[in-house]
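What follows is one structure encoded as structure tokens, with my remarks underneath.
Values in this text are rule-based calculations from the coordinates and carry no lab data. None of these values were measured; they are calculated from a predicted model. Here the Cβ positions follow ideal geometry from the backbone for every residue, glycine too, while neighbour counts run over all protein chains shown.
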Amino acid sequence: MALHFDAIIRIFSAAALLAVLGACNGACSQNNSKAVSIRVGILKDITAGPELIAAAQGYFTAAGLNVTFEHYETGSQASEALIAGKVDIAGMAEFIMVRNALRNEPVSIIASDSKYEGVLLAARKSSGIDNVTRLKGQRVGVNMATENYFYLSRLLERNNLSLEDITTVNGTHSQLIELYNRGEINAVVFTRLYVDQLMPQSDILTWAAHGNQSGYRLVAVRSDRIAANQELIKRYLGAIYAAENYIFNRQADAKLLIAKEHGFDPGYIESEWPLTRFGLSLDMALIAIMNDQAHWMNEKSMEAAPIPDFAMFFYVDGLRAVKPEAVTIIR
Amino acid sequence: MRVRTRYYISTLIGTLMVIVAVGIVIYWNDQAMHVQEQLHLTENIQQDAQEIAYLSNAYLLFQFPTQLELLQSKTAAISDNLSSVKADSPYEQNLIDNAISNQEKFLAILAEIQSYVAANPSVENNLAYIRNSWSRMQGQSQAMVTDIIQLHFSVHRKSDEIRQINNNVMLALFLFFGILIMINAFFINRRILRSIANLKKGPEAVGSGNLDYIIPVTGKDEFTELGREFNKMTENLKSVTVSTAELHAANQKLAEADRQLSMFANAASHDLREPLRMVASFSQLLEKKYKGKLDEDADKYINLIVGNAERMQSLIDDLLAYSRSGFHVEPFEEVSMETVFREVCERLKDEIAGTGTIITHDFLPIIRADAVLMLRALQHLLDNSIKFRSKEPPRIHVSAREDERNLEWVFSVKDNGIGIEPKQLPHLFVLFKQLYPREKYPGTGTGLAIVKKIIESHGGRVYVESEPGKGSTFFFTVPFKPGGKANAG
């Protein structure tokens with residue numbers, strides 16, 4: 001009888017040992033592969049939050065990725081860097097991706113990691129612009145290479161105006177700030193980060209340009225590099241997914257961390273937070289919006305190419321492997 | 001601890017465990033039901049959100065009031081369902097907040113379109129407006145669909161986790177109870193088996209004759225009590241067995257004395273025969289040569305000497321016959337008692353004819369015995385019946401029956417002789433004991449003693465039933481498989 005009891009204990013011990021070894025094997029295997037270095041182009045705004053958190057919390061390292069960030073003022077710049085091969089992954093708005101598609105650039109979307117409604121129309125109150133309709137005949141500053149131009153157009157349309165009713169002044173964000181502060185333009189379209197640099201602040205009125213239409217912050221890669229880097233894409237998105245969970249579960253910490261990493265004032269983060277929705281996805285609305293924007297670009301003669309099937313510019317397998325429920329694109 | 005107490009405690013613990021287990025199962029079942037409700041809600045929201053996307057397209061194209069009513073009804077249903085969904089994590093709460101926000105924005109866009117449609121009845125001609133409005137509504141409705149799908153997936157994952165937990169809990173409970181039962185059985189059975197093994201040694205030891213074995217008694221359970229009682233029993237048994245042993249020893253001594261006596265009788269009778277034969281021969285010679293030549297007293301004395309010498313010779317012959325009647329063939333052989341009976345009748349034919357004796361018999365069996373001894377025993381019994389006859393001619397009946405219970409044959413020799421007084425029965429089989437005057441019934445008094453010795457040497461018994469004046473019935477038994485006192489002498 002005592003022998004049987006010993007045998008039972010031995011069997012349980014062996015099972016426990018196997019379980020521990022199995023667990024160790026599972027836990028340790030992820031770090032077995034050599035870390036891969038990748039360059040990621042991010043925008044200096046709140047939408048880069050998931051990338052910043054993934055880096056700060058070591059999610060990239062855990063995924064075997066050695067990530068270096070390249071900071072850009074606009075998604076357009078980041079896109080150019082991606083196409084030029086200066087970065088491996090770039091963050092950009094869907095507007096930039098529509099333009100890339102119309103230009104048949106070798107860029108594909110692997111995910112959207114946030115939605116943003118923070119594009120503002122800022123106007124000098126003392127210039128008499130106390131509502132949107134007062135823009136008629138005004139010089140309005142906007143970076144025409146960005147989605148801000150699209151949102152300005154839609155804002156005007158919703159207020160029975162059009163781009164032809166105003167004088168658009170094209171420029172980089174820095175240039176537009178300078179123009180505004182010099183008094184050469186009385187209205188400008190861009191995000192809160194740049195609005196805060198307009199002077200004097202007490203003489204500014206702002207309106208949300210989106211009109212309840214969210215802008216997508218996309219994660220894009222070069223199309224020709226997908227086939228060779230499918231596993232890398234999964235690991236990258238896995239790290240972003242981990243960051244997303246951190247944001248949801250530790251919101252206050254996430255805010256502080258993003259502010260710290262970007263050198264932002266916490267107040268800025270607080271004001272932008274409600275306008276931002278983090279979360280990896282690839283949904284059908286994105287294609288609808290991209291179609292709308294493509295038609296808009298053609299109407300405005302910005303791009304002359306025929307509108308492509310945008311579904312062809314999506315690589316969904318990476319996100320489907322990481323977060324299958326967030327992929328609702330019909331291909 | 002007593003075994004009964006141990007079982008009570010085990011049962012109590014087992015019952016408590018079952019109650020706890022049932023509680024756990026009920027708890028997880030409630031959780032599973034809650035999650036099922038959540039799944040149902042998220043499915044409904046998802047379906048309504050899809051329908052909103054379709055209805056918004058239809059309204060944008062055709063502006064039917066019924067489409068608007070349906071849209072409003074569906075958004076109201078979504079609001080109701082969203083308020084019923086309970087987030088179990090910040091992630092789920094975020095998705096719910098997003099869905100609510102999407103819905104509010106959708107309604108805002110819808111209101112804006114309503115105003116625009118009211119101001120611009122020919123909206124269907126404004127493709128740019130339709131396209132932009134459609135993409136805006138799609139943006140919100142599809143975002144809502146995506147959020148709800150993720151919420152549904154999260155709830156579904158939770159459902160899977162709960163199912164898994166349920167399975168694990170069931171497995172854990174099963175294992176726990178299994179191990180508990182095994183441990184319980186192990187400890188209780190070990191104690192019981194050990195105790196039984198201890199107790200078992202007692203009967204084994206006693207069975208092999210070791211009455212000094214004492215079952216070790218420690219503890220306070222039922223087995224200890226049993227062991228203690230057993231020890232008391234062996235103690236009592238020991239005193240009884242001592243008496244039995246003494247009796248056995250006395251019997252052995254008696255048998256030894258009997259054997260010595262038989263040997264002595266055999267030797268004495270054998271050794272005395274020759275000088276006695278000489279005395280008898282010379283006294284007969286003396287009688288023959290001097291009878292009538294001496295005086296009357298001398299003739300009388302010589303006659304007495306001859307008579308007593310002959311009698312002594314008969315006594316010695318019978319004594320020798322008696323002493324040898326205990327020696328039988330080894331092993332016993334099959335003997336037909338029919339044959340034995342006929343032989344006896346042949347030997348006694350003169351007496352039978354002279355006395356007018358009528359002998360009848362039933363069928364007599366074949367038995368395992370010494371044929372010569374059986375013949376001698378039956379001859380003595382028949383001779384006795386003829387000798388102690390009444391005035392009537394002797395009628396003798398010999399029969400035999402099977403006694404299945406005692407596994408033996410019971411033979412009987414019944415006569416119509418003078419019978420035996422009850423007071424004389426105890427002396428009937430005693431050697432040289434003559435119950436009647438020798439002058440009337442001559443003999444040495446050895447016949448029945450020899451019968452007794454022969455029958456006992458076969459492992460049987462001999463006894464008599466008699467009524468004075470009416471006759472006697474002598475019974476003797478022979479076992480089916482006689483062991484007997486082999487050559488006991």
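Key figures for this structure:
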quantity: Hydrodynamic radius of the stretch B:266-318 per Kirkwood, over alpha carbon pairs, in Å; calculated: 11.5
quantity: Cut-off under 5 Å, modelled amide H: who pairs with residue A:65 long-range; calculated: A:36
quantity: Length-normalised contact order of the stretch A:110-219 in % [C-alpha pairs under 8 Å, at least 6 apart]; calculated: 50
quantity: Protection-proxy order for peptides B:158-164, B:178-184, B:421-427, A:231-237, each taking the mean of Cβ atoms within 10 Å per residue, highest first; calculated: A:231-237, B:158-164, B:178-184, B:421-427
quantity: Helix-only [θ]222 nm of the protein assembly as shown, DSSP H runs n ≥ 4, -39500 (n - 2.57) each, per residue, nearest 500; calculated: -20000 deg cm²/dmol
quantity: Exercise: per-residue mean of other protein chain Cβ atoms within 10 Å, B:143-153; calculated: 5
quantity: Estimated D of the stretch B:36-80 in µm² per second, where Rh is the Kirkwood radius over Cα pairs and Stokes-Einstein applies at 4 °C, 1.567 mPa s; calculated: 119
quantity: Shape category assigned to the stretch B:84-175 from the gyration tensor of Cα positions, a/c cut at 1.5; calculated: prolate
quantity: Candidate aspartates and glutamates - alpha carbon under 18 Å from residue B:158, same-chain residues fewer than 8 apart omitted; calculated: A:325, B:30, B:37, B:43, B:88, B:92, B:147
quantity: Average partner coverage of A:215-223, which counts Cβ from other chains inside 10 Å; calculated: 0
quantity: Burial ordering of A:97, A:284, fewest other beta-carbon atoms within 10 Å first; calculated: A:284, A:97
quantity: Percent of C-alpha pairs per 10 Å bin, chain B, short to long; calculated: 3, 11, 12, 10, 7, 6, 6, 5, 5, 5, 5, 5, 6, 5, 4, 2, 1, 1, 0, 0
quantity: Förster-model FRET efficiency, 45 Å R0, residue B:6 and residue B:161, C-beta, rounded to 0.05; calculated: 0.65
quantity: Chain A - percent relative contact order, Cα under 8 Å, separation 6 or more; calculated: 24
quantity: Principal axis box of the stretch B:1-103, alpha-carbon based, largest edge first, Å; calculated: 89, 25, 15
quantity: Paired Rg and Dmax values of the stretch A:76-138, which use every Cα atom, in angstrom; calculated: 17.2, 46
quantity: Virtual paramagnetic centre 7 Å along Cα→Cβ of residue B:79, amide N under 17 Å, in the stretch B:25-55; calculated: B:45, B:48-49, B:52
quantity: Likely footprinting exposure, A:180, A:149, B:7, fewest C-beta neighbours within 10 Å first; calculated: B:7, A:149, A:180
quantity: Helix axis angle, B:65-84 relative to chain B longest principal axis, alpha carbon, degrees; calculated: 50
quantity: Listed residue pairs exceeding 32 Å between alpha carbons, taken from B:391/B:481; B:291/B:349; A:44/B:86; B:253/B:433; calculated: B:391/B:481; B:291/B:349; A:44/B:86
quantity: Candidate aspartates and glutamates - alpha carbon under 16 Å from residue A:34, same-chain residues fewer than 8 apart omitted; calculated: A:231
quantity: D_trans [Stokes-Einstein, Kirkwood Rh over alpha-carbon pairs] for the stretch B:289-346, 4 °C, 1.567 mPa s, µm² s⁻¹; calculated: 83
quantity: Whichever lysines have a C-alpha closer than 20 Å to that of residue B:200, once near sequence neighbours (fewer than 8 apart) are set aside; calculated: B:220, B:232, B:238
quantity: Inter-centroid distance (Cα atoms) of the stretch B:405-469 relative to the stretch B:214-229, Å; calculated: 57
quantity: Largest-first ellipsoid semi-axes for the protein assembly as shown, taking √(5λ) over the Cα gyration tensor eigenvalues, angstrom; calculated: 139, 28, 22
